[in-house]
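Shown next, in structure tokens, is the structure this report addresses.
The values are calculated or read from the model by the stated rules, or taken from the named source; none is laboratory data. Model, not experiment: these values are computed from the prediction. Here the Cβ is made from the backbone with ideal geometry for all residues, glycine too, and neighbour counts use every protein chain on show.
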Amino acid sequence: MNTVESTQSEHLQSITEAVAEVEKVIVGKRRPVELALTALLCNGHCLVEDVPGVGKTMLSRALAAATGCSFKRIQFTPDLLPSDVTGTSVFNQATREFEFRPGPVFANVLLADEINRATPKCQAALLECMEEGQVTSDGQTFRLPEPFFVIATQNNVEMQGTYPLPEAQLDRFLIRIDIGYPSKDDEIHVLERQVTRNPIDDVRPVLSPAKVLALQSAVRKVHVAPELSRYIVDVVAATRARDDVALGASPRGSLNLMRASQAWALMQSRDYAIPDDVKVVAGPVLAHRLILRPHARRLDAAGIIADVLSRTPIDRE
């Protein structure tokens, strides 16, 4: 085995171990776990949208524990202020100067719990953090720790007391996933694991922040052929040409789709991406970026992406 193959094998083993640790808590939901880890490996962010009680919060806690990253949680409420997220300057009477007190956003993994219960102003406080990896306060810029990963949860928009996320903020999330209800056998397994202790206590840190950064660097080295880049752009462009879509995916969507395809390829122990990688991640990456026309609101955005994939030809050369 040469050096490249050995490195790929080590990466695959690390990723497989991390998924296995998270699955100690999130039972029977391997695909959502892998997609959340994909967002982390892409140096992106993940939005989990589902009904209460299916494990959205536990997914973020388990992912932080398995990767050995620092973890903080913000419970978003209507009275939350932007300074409660990013931090604020406090006057120090001893030094007679203002000092910046970092907010909970200064962590490797940040759980923005029920993000759509906060006001749009407070939601917008995360925009600079998610896009630039920094916080600006009183003219000073403070870098966030690396890696920095936001995993936000939100309940369905129809639920009482929720605010829809602005399109600009939705576009900052590389992937949106839903967990869904477990099968009957999986739910019984969940109950059995919870009889004596919480399985989150058994999750081992099989990675470290430095290892996560190394994996993020490895993702960017996964080869993307020019033909595959053209296919990705064709898929995204097709979302803009549909009559039932008022606003299709942006160029950021194309970039995120490419990056997610690279990460998925790495998770399959390949150093090159293929169209099948694009097809696996296209729905979670693109669906939340589409704004449907009023007459098409009854349609499913993920179904539209699936239809686009079925209609977009692949350059087999």
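Taken together, the criteria place Thr239 among residues that are polar (S, T, N, Q), more than 20 Å from the chain's Cα centre (by Cα) and within 21 Å of Ala39 (Cβ to Cβ). What pairs come out if I take residues in region 12-39 that are within 18 Å of Ala263 (Cα to Cα) and in the same structural domain as Ser60 (by TED's automatic domain parsing) and pair them with residues that are surrounded by fewer than 15 Cβ atoms within 10 Å (Cβ to Cβ) and of a type in the set (Ser, Thr, Tyr) whose C-beta lies under 7 Å away, six or more apart or interchain? What qualifies is Leu12/Ser269. Of the numbered criteria (1) modelled with pLDDT under 95; (2) buried (at least 22 other Cβ atoms within 10 Å of the Cβ); (3) within 17 Å of the chain's Cα centre (by Cα); (4) not aromatic (Phe, Trp, Tyr), the one Ile305 fails is (3). Among the residues of region 207-255, those identified as among the aliphatic types (A, V, I, L, M) and in contact with a Cys (Cβ under 9 Å, 6 or more places away or on another chain) are Leu207, Val212, Val219.
Condition check ((1) in the same structural domain as Cys46 (by TED's automatic domain parsing); (2) crowded, with 20+ Cβ neighbours inside 10 Å; (3) at pLDDT 90 or above) across all residues:
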{"position": "Val109", "(1), (2), (3)": "yes, yes, yes"}
{"position": "Ala124", "(1), (2), (3)": "yes, no, no"}
{"position": "Cys129", "(1), (2), (3)": "yes, yes, no"}
{"position": "Glu146", "(1), (2), (3)": "yes, no, yes"}
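Residue count for region 194-213 satisfying the condition of being touching a helix residue (DSSP H, G or I) at 6+ places or on another chain (Cβ under 8 Å) and closer than 22 Å to Ala265 by Cβ: 4.
Those residues that are of a type in the set (Ser, Thr, Tyr) and either surrounded by 22 or more Cβ atoms within 10 Å (Cβ to Cβ) or at pLDDT below 90 (or both), I need them from region 54-91; list them, please. Scanning region 54-91 gives Thr57, Ser60, Thr67, Thr77, Ser83, Thr86, Thr88, Ser89. Of the residues that make up region 154-170, is at least one surrounded by 13 or more Cβ atoms within 10 Å (Cβ to Cβ), assigned by TED's automatic domain parsing to the domain that holds Cys69, closer than 19 Å to Phe71 by Cα and among the aromatic types (Phe, Trp, Tyr)? Within region 154-170, not a single residue is surrounded by 13 or more Cβ atoms within 10 Å (Cβ to Cβ), assigned by TED's automatic domain parsing to the domain that holds Cys69, closer than 19 Å to Phe71 by Cα and among the aromatic types (Phe, Trp, Tyr). Of the residues making up region 272-317, just one is among the polar types (S, T, N, Q) and in a helix (DSSP H, G or I), namely Ser310. Kindly indicate whether any position in region 135-148 is in contact with a helix residue (DSSP H, G or I) (Cβ under 8 Å, 6 or more places away or on another chain) and closer than 22 Å to Arg289 by Cβ. Scanning region 135-148 turns up at least one residue that is in contact with a helix residue (DSSP H, G or I) (Cβ under 8 Å, 6 or more places away or on another chain) and closer than 22 Å to Arg289 by Cβ. Scanning region 278-293 turns up one or more residues that are more than 26 Å from Gln216 (Cα to Cα) and either among the β-branched types (Val, Ile, Thr) or buried (at least 18 other Cβ atoms within 10 Å of the Cβ) (or both). Every condition in (1) under 16 Å from Leu111 (Cβ atoms); (2) β-branched (Val, Ile, Thr); (3) surrounded by fewer than 21 Cβ atoms within 10 Å (Cβ to Cβ) holds for Val51 except the one numbered (1).
In region 179-188 there is at least one residue that is assigned by TED's automatic domain parsing to the domain that holds Ile115, surrounded by 14 or more Cβ atoms within 10 Å (Cβ to Cβ), touching a Gly at 6+ places or on another chain (Cβ under 8 Å) and not in a helix (DSSP H, G or I).
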